[in-house]
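Data block below; observations after.
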Amino acid sequence: MTNKISTEQAPGAIGPYSQGYEANGFIFTSGQIAIIPETGEVAQGIEAQTEQCCKNVGAILKAAGCGYGNVIKTTCFLADMGDFAVFNEIYARYFTSKPARSCVAVKELPKGVLCEVEAIAVK
């Protein structure tokens, strides 16, 4: 059984996908970029973008009835690995349970953002 997760506290999908899904006790979030849900604007700079990505993931987790502590795996995308140290410091404030993680550099991200985060959690 699956349930679509949707919240106005995170940006709406900008394509043919959902913010997240719950399936058999697992929560899968779509990749979250640094769009500020209230304004639709993109946060500026790696610090603000990392914060917003993490907040957006957190809003989806909350809508699913769980939180950062339920996350068992994240995948993180950076436009520039030179931003890794700053990204990592901010990310660590949110994902304190230290879930498994992959972090890769990519050529380009939607809307020209600097980072994106997706998560898998267990309810």
Next item on the list: Please work out the C-alpha center-to-center distance from the stretch 1-51 to the stretch 64-92 and express it in whole Å.
Entry: 14
Notebook entry, point to check: Say R0 is 22 Å: what FRET efficiency, to the nearest 0.05, do Phe84 and Val106 get from their beta-carbon distance?
Noted result: 0.95
Notebook entry, point to check: When the dipole is taken about the Cα centre of the stretch 1-96, and only Lys, Arg (+1) and Asp, Glu (-1) are charged at their Cβ, what size is it in debye, to the nearest 20?
Noted result: 400
Item checked: Crossing angle, helix 84-94 versus the chain [Cα axis fit, 0-90 degrees, rounded to tens] -> 30
Check: Which semi-axes, in whole Å and largest first, does the equivalent ellipsoid of the stretch 1-44 have when worked out from the alpha carbon gyration tensor as the square roots of 5 times its eigenvalues?
Finding: 23, 9, 9
Next item on the list: Excluding residues fewer than 8 places away in the same chain, name every one of the lysines whose C-alpha is closer than 29 Å to that of Lys4.
Entry: Lys55, Lys62, Lys73, Lys98, Lys111, Lys123
Notebook entry, point to check: Accessible area per residue, 1.4 Å probe, Å², for the chain: what's the number?
Noted result: 52
Notebook entry, point to check: Rounded to a whole number, what % of the accessible area of the stretch 30-123 do carbon and sulfur atoms account for, probe 1.4 Å?
Noted result: 53
Item checked: Accessible area of Met81 in the full protein assembly, 1.4 Å probe (Å², nearest 10) -> 80
Item checked: Nearest 10 degrees, 0 to 90: helix 46-63 Cα axis against the chain principal axis -> 0
Item checked: Expected 222 nm ellipticity per residue - DSSP helices of 4 or more, -39500 (n - 2.57), all of the chain, to 500 -> -7500 deg cm²/dmol
Notebook entry, point to check: When the chain is modelled as a GNM with alpha-carbon springs shorter than 10 Å, which of Gly58, Gly45, Gly31 fluctuates the most?
Noted result: Gly45
Note to self: No partner Cβ under 4.7 angstrom, meaning no disulfide-compatible partner by this rule: which Cys of the chain qualify?
What the structure shows: Cys53, Cys54, Cys66, Cys115
Note to self: Just to be sure I follow: if Rg is taken over the C-alpha atoms of the chain and Rh is the Kirkwood radius over the same atoms, what is Rg/Rh?
What the structure shows: 0.94
Margin query: Give me the one-decimal nm value for the distance between modelled label points at Thr96 and Ser6, 7 Å along each residue's Cα-to-Cβ direction.
Written below: 3.3
Checklist line | Heavy-atom SASA rank of Tyr21, Tyr91 (probe 1.4 Å, accessible area, largest first) | finding: Tyr21, Tyr91
Checklist line | At most 14 other Cβ within 10 Å, DSSP loop - GluC sites (Glu not before Pro), the stretch 41-100 | finding: Glu41
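The values are calculated or read from the model by the stated rules, or taken from the named source; none is laboratory data. Worth saying up front: this structure is predicted, and the values here are computed from it rather than measured. So basically every Cβ, Gly included, is an ideal-geometry build from the backbone, and we count neighbours across all protein chains shown. Side chains are part of the model used for accessible areas, which takes the heavy atoms of the whole protein and leaves out ligands, DNA and RNA. Shrake-Rupley method; radii C 1.70, N 1.55, O 1.52, S 1.80 Å.
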